[in-house]
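Beneath this line is the structure, given in structure tokens, with notes to follow.
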């Protein structure tokens, strides 16, 4: 049987959770059954370069505007010439643009992947999503929170939406070339290290974490915080930490690729988002290496963290409650170890890359069989 041609459409492939999910799918799909390409509408990025380096087909189309109908027509012609069997879109702009082009190209199967909720959606956005859903065979939701958003807020049929949790593949041992020593960040072996991994953007709640860190540091001199990532708030947050006199306790690492090694030198993970979360990969990566996790009751986070089992759930935007949770883990190593073991077990049951890929393949098979039967 001839392989089916799968096309993933995304805005770009910089470093981020959505982009990592695409890379996981593309690299792990059964190559005997599926021929896969990725088209980046606007630009490339580090993950695009990685995929190209591994021999996967990635095209950067360099589209400059999402308001030019001629671009949709041009994209539809490219799709038609490429004889695509199934289009899988990711992210709001790429999913709007890509699905319109797929409709014009009469692509047999169209899937869109919703990675988060969009609290800022206007009536126009909701109308576009609802209209395009009639031409979409399935809407993949990364969490129940996202699925509820699609069904209840966007008012899209339950039959269209399906749940496939994000999954990650994390090696049991860190790669030698990525091994990180605590001392490289000014940390001692006796320090208790809390780590967060997220883009430095407003909704990730880094200032809440810093305020909680200030409170904790007054009572626990050996607690250190690693803030991994970069973004538009980098300079402001670094200045805020300096003004508070916390530069020795709170370390900004910038963007890093060796996340697994950074997690392994830490004692627990904190995720302080204040809004709009689908299913954070960083939380799953932390659980995969056996770390207890603290997260806010936002989006899909409570689907990852079972309160007082593999971590703690706290109210978003409340530095005092977050500080209380941090101190609970700081004060009791046995709780950290127990929650870490539970987290690894939950990861293996629900959030592995292998499970995610298997469910994606089953969905592809079902829709393609139905279309080509």
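List of remarks:
- Cβ-Cβ under 7 Å pairs, at least 6 apart or on other chains, region 97-109 side without any contact (Cβ under 8 Å) to a residue 40 or more places away in the chain, far side surrounded by fewer than 17 Cβ atoms within 10 Å (Cβ to Cβ) and part of a helix (DSSP H, G or I): 104/73; 105/80
- Test: residue 127 is more than 17 Å from residue 22 (Cβ to Cβ), surrounded by fewer than 20 Cβ atoms within 10 Å (Cβ to Cβ), touching a helix residue (DSSP H, G or I) at 6+ places or on another chain (Cβ under 6 Å) and assigned by TED's automatic domain parsing to the domain that holds residue 69: no
- Of the residues contained in region 172-187, none is found to be in contact with a helix residue (DSSP H, G or I) (Cβ under 6 Å, 6 or more places away or on another chain) and at pLDDT 95 or above.
- Only one of the numbered conditions (1) in contact with a strand residue (DSSP E or B) (Cβ under 9 Å, 6 or more places away or on another chain); (2) in a loop (DSSP other than H, G, I, E, B); (3) under 26 Å from residue 197 (Cα atoms) is violated by residue 84, and that is (3).
- Checklist (1) out of contact with any helix residue (DSSP H, G or I) (no Cβ under 8 Å at 6 or more places or on another chain); (2) loosely packed, with under 15 Cβ neighbours inside 10 Å; (3) at pLDDT 95 or above applied to residue 135, failing item: (1)
- Qualifying residues in region 214-236 (those that are in contact (Cβ under 8 Å) with a residue 12 or more places away in the chain and surrounded by fewer than 14 Cβ atoms within 10 Å (Cβ to Cβ)) - the one nearest to residue 200 (Cα to Cα): 232
- Number of positions in region 237-256 that are under 14 Å from residue 207 (Cα atoms) and touching a strand residue (DSSP E or B) at 6+ places or on another chain (Cβ under 7 Å): 5
- Among the residues of region 33-40, at least one is in contact with a helix residue (DSSP H, G or I) (Cβ under 8 Å, 6 or more places away or on another chain) and closer than 20 Å to residue 257 by Cβ.
The values are calculated or read from the model by the stated rules, or taken from the named source; none is laboratory data. Given the structure is predicted, the values throughout are model-derived calculations rather than measurements. Cβ: placed from backbone, ideal geometry, glycine included. Neighbour counts: every protein chain shown.
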